[in-house]
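Visitor: Submitted below is the structure of interest, expressed as structure tokens.
The values are calculated or read from the model by the stated rules, or taken from the named source; none is laboratory data. As the structure is a prediction and not an experimental result, all values here were calculated from the model. Cβ placement follows ideal geometry from the backbone for every residue including glycine, while neighbour counts extend to all protein chains displayed.
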Amino acid sequence: MRTLSYAAALAACILSSNCSAPNDAMSTTHDATRDVHSYARPDEVRVRHVSLDLEFDFDAQVARGTCTLKLQRHVQNAPLWLDCDGLRISAITTVAGDRVPYEIGKPDPNIGSSLRVDLPPAVDSVRIDYETAPDAGALQWLAPAQTSGPKPFLFSQGQAILTRTWIPLQDSPAVRVTWDARIRAPKGLRPLMSAQQRGGSHDEGWTFAMPQAVPSYLIAIACGELEERAISPRCAVWAEPSVVDRAARELEDMERMVASCEELFGPYRWGRYDVLFLPSSFPFGGMENPCMTFATPTILAGDKSLVALIAHELAHSWSGNLVTNATWRDFWLNEGFTVYLEQRIMEHVYGEERMRMEIALSMRQLGQELRSMPREDQRLHIDLAGRNPDDGMTSVPYDKGAALLRRLEGAFGRARFDEFLRAWFDEHAFQSVTTAEFRAFLDARLLSVDRAASAAIDLDVWIESDGLPADAPSAESAGFLAVDEALAACKKQRSAEPLLAADAKAWNTQQWLRFLAEPTFDATTLEGIDHAFSLSRSGNCEILCAWLDAGIRANYAPAFATSETFLMTVGRRKYLKPLYEALLQSPQGRERALSIYQRARPRYHAVAVRTLDALLEFAPK
Ligand code: BES
Ligand code: ZN
């Protein structure tokens, strides 16, 4: 029986250790580190390089072409196991053109289908001819009406497990590949990818190359009417023509951010660092695609007040892209480290006070979220078996993760902690790592070296338990004192008067966000605030969203019309979720929420739709 024979071969191979585990990824044979969100068995056959040759058909809303996989075979007769979801595969062949048998497994609602390729002996490369489904979860095809110009737009979102909806591959963050691509797109549309841009033309196609091994979730494409503005020799901003100049002004500090990060954590290893602004339906704030961060235009506030998001995506060039979580259980290694680095960059570029404000805001957000979150989900090392890894995207991996690193910094001092972080990145560069490996490294380099400094830190409590540990460092900002006083006075007096006395006209964005963080005002107070500060017309999406949240909850009439416009134009899940939640709790609740959602839903990305369908208990017909 062939299953038995390759299982036996694998066992023999491991026992005799004549098949050395590839040094750039974790073994997936042990349960603790197995990626439950992938069908891949990289210890048997591992994909090393992916070559794409794809045409993007905007009329049919599909990508079609070929994907060639170069393989490393560790177990002789083992088949190649890939992930796919909704792909229409027409043939799999060897380079010589011979057909290779394959079978697509029954789809699982969370992780899609397995694709088993029965490799003939000595074959180390296969070519897959395929087409994506029009509803591929990673791809959003936008009509001109959903963009800032007269042309359509397409973008992909791979993280966490959506790359398999447009490329058949081993879609696990423990499997790193180099890749290249040739892309054809309609005339007038420029494709960009998360790689080195090798140029091209409409007739020849556009080519891209990523010579450094990356996890599959970092393979990304966007295609639209795009223009570039240089910020420095290695940094540029890309966007649709009507947005690009505004975007370049907002990000004029980009080069300083990259330089800060290099000074703190070692060289930037990806060549260029560009930011691409997508249309407003992008479901996230940002996505750290290598060489080319994808960003929401909602951070273009005109005053650089929301650029911490760029610091965050840039920081992923170290934590996440260089050193990657091996499974989605270890997601906090990506995001907690990145939030910590983001805060350090913000301090370096904009000063300590700005950093303290950002930390205080995020810690308050974490506290609020923890109050309504199931206990098991409050762990950094979360168990996501049987679930969609997207469910792990809460404040816990982000802000509790960063708090742990600040706790360690406090215990060992900044100089030693920075040295530790630098070693972590240098010694794990281009590798995928587990929580256990982090703990071992931390123990070897800091904890066991200075028992006195580490005595009070209980890592089991921090990493494997719910809640926020009692020794979590607090952060406060002097600039928030006046805000808190004004807030208490406004609530007590049910009036906006204390804001005028506090000179709130001079407040920065973070101070307003602190003021609006707990949206429990009455409608009269809100009316007074709106009259004095015009928050209903704020061009700052972060403030506007917090304001609308407060407005809906207070049944403040003007908030409803503005919310509707906002929900019809913005697709960022971070804003959609609280606003629909607030609507659900308002007097005309579900009815009002659904009447907006039914119209807005076709404009949202699949990632946001999944969250909102569940929230609104919406079942599409
Ligand atoms: N990598 C994440 C986005 C992500 C996480 C997408 C998990 C899919 C699954 C990105 O770096 C991120 O964290 N974005 C945040 C912004 C950040 C400033 C906290 C976002 O989009 O809100
Ligand atoms: Zn992130």
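Visitor: Of all residues in the range 283-292, which are within 16 Å of ligand 2 (Cβ to nearest atom), in a loop (DSSP other than H, G, I, E, B) and under 24 Å from R198 (Cα atoms)?
Guide: Hits for the range 283-292 are E288, N289, P290.
Every residue, every condition in (1) under 25 Å from T147 (Cβ atoms); (2) within 16 Å of ligand 2 (Cβ to nearest atom), yes or no:
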{"residue": "F294", "(1), (2)": "yes, yes"}
{"residue": "L309", "(1), (2)": "yes, yes"}
{"residue": "L314", "(1), (2)": "no, yes"}
{"residue": "S319", "(1), (2)": "no, yes"}
{"residue": "N334", "(1), (2)": "no, yes"}
{"residue": "L341", "(1), (2)": "no, yes"}
{"residue": "G351", "(1), (2)": "no, no"}
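Visitor: Additional query: Between residues in the range 199-226 that are closer than 22 Å to V244 by Cα and residues that are of a type in the set (G, A, S) and within 16 Å of ligand 2 (Cβ to nearest atom), which pairs lie under 8 Å by C-beta distance while being six or more apart or on different chains?
Guide: A220/G158; A220/S194; I221/S194
Visitor: In addition: Of these, P211, P173, P241, P215, which one is at negative phi and over 24 Å from the mean Cα position of the chain (by Cα)?
Guide: Answer to the selection: P241.
Visitor: Which one of these is under 30 Å from the mean Cα position of the chain (by Cα) and more than 16 Å from ligand 1 (Cβ to nearest atom): L526, L567?
Guide: Numbers: L526 fails: under 30 Å from the mean Cα position of the chain (by Cα).
From the options L526, L567, the qualifying one is L567.
Visitor: Does the range 99-113 contain at least one residue that is without any contact (Cβ under 8 Å) to a residue 24 or more places away in the chain, farther than 27 Å from R387 by Cβ and touching a strand residue (DSSP E or B) at 6+ places or on another chain (Cβ under 7 Å)?
Guide: Keep residues of the range 99-113 that are without any contact (Cβ under 8 Å) to a residue 24 or more places away in the chain, which gives 99, 101-104, 106-109.
With farther than 27 Å from R387 by Cβ added as a condition, the list becomes 99, 101-102.
Subsequent filtering for residues that are touching a strand residue (DSSP E or B) at 6+ places or on another chain (Cβ under 7 Å) retains 99, 102.
Looking through the range 99-113, at least one residue is without any contact (Cβ under 8 Å) to a residue 24 or more places away in the chain, farther than 27 Å from R387 by Cβ and touching a strand residue (DSSP E or B) at 6+ places or on another chain (Cβ under 7 Å).
Visitor: Okay, next question. How many of the residues making up the range 118-164 are polar (S, T, N, Q), over 17 Å from L54 (Cβ atoms) and assigned to a strand (DSSP E or B)?
Guide: The total comes to 1.
Visitor: Would you check which residues across the range 72-104 are within 15 Å of A40 (Cα to Cα) and within 28 Å of the chain's Cα centre (by Cα) and list them? So that I can check it myself, show each step before the final result.
Guide: Taking the range 72-104 first, the residues within 15 Å of A40 (Cα to Cα) are 72-75, 78-85, 102-104.
Within the range 72-104, W81, L82, D83, C84, D85 meet the criteria.
Visitor: From G367, G392, G401, which residue is small (G, A, S) and more than 16 Å from ligand 1 (Cβ to nearest atom)?
Guide: Being small (G, A, S) and more than 16 Å from ligand 1 (Cβ to nearest atom) holds for just one of G367, G392, G401, which is G367.
Visitor: Could I ask something else about it? Considering only the range 32-44, state which residues are aliphatic (A, V, I, L, M) and crowded, with 24+ Cβ neighbours inside 10 Å.
Guide: A40
Visitor: Another question about this same structure. Evaluate the following for E358: is it under 20 Å from I310 (Cα atoms) and not aromatic (F, W, Y)?
Guide: Against the criterion (under 20 Å from I310 (Cα atoms) and not aromatic (F, W, Y)), E358 qualifies.
Visitor: Show me the helices (runs of 4 or more DSSP H) found entirely inside the range 411-472 where at least 2 residues are out of contact with any Lys or Arg (no Cβ under 8 Å at 6 or more places or on another chain) and surrounded by 13 or more Cβ atoms within 10 Å (Cβ to Cβ).
Guide: Of the helices (runs of 4 or more DSSP H) lying wholly inside the range 411-472, those with at least 2 residues that are out of contact with any Lys or Arg (no Cβ under 8 Å at 6 or more places or on another chain) and surrounded by 13 or more Cβ atoms within 10 Å (Cβ to Cβ) span 414-427, 435-442, 451-454.
Yes/no per residue for (1) more than 17 Å from L499 (Cα to Cα); (2) in contact (Cβ under 8 Å) with a residue 40 or more places away in the chain; (3) buried (at least 21 other Cβ atoms within 10 Å of the Cβ); (4) in contact with a Phe, Trp or Tyr (Cβ under 9 Å, 6 or more places away or on another chain):
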{"site": "A523", "(1), (2), (3), (4)": "no, no, no, yes"}
{"site": "E527", "(1), (2), (3), (4)": "no, no, no, yes"}
{"site": "S536", "(1), (2), (3), (4)": "no, no, no, yes"}
{"site": "A550", "(1), (2), (3), (4)": "no, no, yes, yes"}
{"site": "N555", "(1), (2), (3), (4)": "yes, no, no, no"}
{"site": "R573", "(1), (2), (3), (4)": "yes, yes, yes, yes"}
{"site": "P578", "(1), (2), (3), (4)": "yes, no, no, no"}
{"site": "L594", "(1), (2), (3), (4)": "yes, no, no, yes"}
{"site": "H605", "(1), (2), (3), (4)": "yes, yes, yes, yes"}
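Visitor: Any idea which residue in the range 315-337 is nearest to the chain's Cα centre (by Cα), counting only those that are of a type in the set (A, V, I, L, M, F, W, C) and assigned to a helix (DSSP H, G or I)?
Guide: F331
Conditions (1) within 22 Å of the chain's Cα centre (by Cα); (2) more than 16 Å from ligand 1 (Cβ to nearest atom); (3) outside any helix (DSSP H, G or I), marked per residue:
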{"position": "I552", "(1), (2), (3)": "no, yes, no"}
{"position": "Y556", "(1), (2), (3)": "no, yes, yes"}
{"position": "F560", "(1), (2), (3)": "no, yes, no"}
{"position": "L576", "(1), (2), (3)": "yes, no, no"}
{"position": "L584", "(1), (2), (3)": "no, yes, no"}
{"position": "E591", "(1), (2), (3)": "no, yes, no"}
{"position": "I596", "(1), (2), (3)": "no, yes, no"}
{"position": "A608", "(1), (2), (3)": "yes, no, no"}
{"position": "T611", "(1), (2), (3)": "yes, no, no"}
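Visitor: Out of the range 170-183, which residues are in a strand (DSSP E or B), touching an Asp or Glu at 6+ places or on another chain (Cβ under 7 Å) and buried (at least 24 other Cβ atoms within 10 Å of the Cβ)?
Guide: R176
Visitor: Right, here's the next one. Out of all the residues in the range 384-391, is one or more over 21 Å from the mean Cα position of the chain (by Cα) and either modelled with pLDDT of 95 or more or on the phi < 0 side of the Ramachandran plot (or both)?
Guide: Checking the range 384-391: not a single residue is over 21 Å from the mean Cα position of the chain (by Cα) and either modelled with pLDDT of 95 or more or on the phi < 0 side of the Ramachandran plot (or both).
Visitor: When you scan the range 184-227, how many residues do you find that are of a type in the set (G, A, S) and part of a loop (DSSP other than H, G, I, E, B)?
Guide: 5
Visitor: Pick from the range 325-337 the residues that are among the polar types (S, T, N, Q) and within 11 Å of ligand 1 (Cβ to nearest atom): which of them is farthest from V237 (Cα to Cα)?
Guide: Among them, the one singled out is N325.
Visitor: Now, a different point. Regarding the range 397-404, can at least one residue be identified that is more than 16 Å from ligand 2 (Cβ to nearest atom) and of a type in the set (D, E)?
Guide: No, the range 397-404 contains no residue that is more than 16 Å from ligand 2 (Cβ to nearest atom) and of a type in the set (D, E).
One line per residue, one yes/no per condition, for (1) assigned to a helix (DSSP H, G or I); (2) within 13 Å of ligand 1 (Cβ to nearest atom); (3) in the same structural domain as A174 (by TED's automatic domain parsing):
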| site | (1), (2), (3) |
| --- | --- |
| V275 | no, yes, no |
| S281 | no, no, no |
| G302 | no, no, no |
| E313 | yes, yes, no |
| V339 | yes, yes, no |
| E347 | yes, no, no |
| R356 | yes, no, no |
| S362 | yes, yes, no |
